[in-house]
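Heads up, the thing below is written out as structure tokens.
The values are calculated or read from the model by the stated rules, or taken from the named source; none is laboratory data. What you are looking at is a predicted structure, and each value in this text was computed from that prediction instead of being measured. FYI the Cβ positions are ideal-geometry reconstructions off the backbone, even for glycines, and counts take in every protein chain you see.
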Amino acid sequence: MRFWSSLTRMTTLRSSMPAGHTSVDVTYEKFLVARAFLLLLQPYIPDRQFVNLWKKNSGRVPNTSVWTRDVDAAAWWVAESETDTYLARSTATRSYGSHSRISKDRASGLAFTSADIDEVTAYRDKPSLSRNSMHSLEIVKSLPVEPIAVINTGGGLQPIFGIGPISFDGPSDKERARVLLNNIDTAIRAKVWADHSVVLDSTPDMARLVRMPGSLNCKGSQPVEVRFIPWPGTEMIA
């Protein structure tokens, strides 16, 4: 049923475009990338909980959020976005509206955690950063925890570590999750500094977001596609 829904969506989009236009094909490719990443995460998402996707809009347009359990709906939302789009590591038992994003108080579960390996770019240059994408891949290979996927953000890599499905039945569960996130974050940053003299941002917070594969990184002068590798893997999915 979801396949036919996606096919119908693509056909409708294609029929509304001028002859020879390629935007529909690009959108569908982005949908496939986003869908593949969400399917990879699905075993780690707590049962019957909502994932939160968040879009950073430009100008005076309010930022937009979506809360969903539907992989295809989420993937289409990402594919049709033309700005920075993110996914939360925590999940929730309900929607909090189209302009509210995940927070520690709203989190009811945890699917994954991540690390941020920032690289030297035209808008960011420090000696403590990764030199380039090859250097970042070497850092990923040396991590004390193996990721399930690695996101190429266009400005670095974000290894994704599947630690769910974790559901919070009370404050003690949430506190144990907080300690787990902090311990993983501390171990990764210490290992990367010891082995590569690269400083990673501390990212143990429960409300942390990662860039969503299939979306765009609009931080630089030109938008860059966000891609991912199912790990261990050798090629970015784009």
Single residue of PRO223, PRO232 found to be of a type outside the set (Gly, Ala, Ser), in contact with a Leu (Cβ under 7 Å, 6 or more places away or on another chain) and at pLDDT below 95 = PRO223
Of all residues in the range 112-137 being surrounded by 13 or more Cβ atoms within 10 Å (Cβ to Cβ) and assigned to a helix (DSSP H, G or I), which is farthest from the chain's Cα centre (by Cα)?
-> HIS135
Strands (runs of 3 or more DSSP E) wholly inside the range 23-110 that include at least 2 residues being polar (S, T, N, Q), loosely packed, with under 15 Cβ neighbours inside 10 Å and touching a helix residue (DSSP H, G or I) at 6+ places or on another chain (Cβ under 6 Å) | none
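So which residues in the range 149-168 are within 15 Å of ILE188 (Cα to Cα) and in contact with a Gly (Cβ under 9 Å, 6 or more places away or on another chain), if there are any at all? So that I can check it myself, show each step before the final result.
Going through the range 149-168, the residues within 15 Å of ILE188 (Cα to Cα) turn out to be 150, 157-163.
Answer for the range 149-168, where residues must be within 15 Å of ILE188 (Cα to Cα) and in contact with a Gly (Cβ under 9 Å, 6 or more places away or on another chain): just VAL150.
Name the single residue, out of those in the range 162-177 being touching a residue at least 40 places away in the same chain (Cβ under 8 Å) and part of a helix (DSSP H, G or I), that is farthest from SER130 (Cα to Cα).
Narrowing the range 162-177 to residues touching a residue at least 40 places away in the same chain (Cβ under 8 Å): 162-168, 174, 177.
With the extra rule that they be part of a helix (DSSP H, G or I), the set shrinks to 174, 177.
Numbers: LYS174: 33, ALA177: 29 Å.
Checked the range 162-177; the qualifying residue farthest from SER130 (Cα to Cα) is LYS174.
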Would you pick out the residues in the range 151-194 that are within 25 Å of SER215 (Cα to Cα), in contact with a Pro (Cβ under 8 Å, 6 or more places away or on another chain) and of a type in the set (A, V, I, L, M, F, W, C)?
-> ILE151, ILE160, PHE161
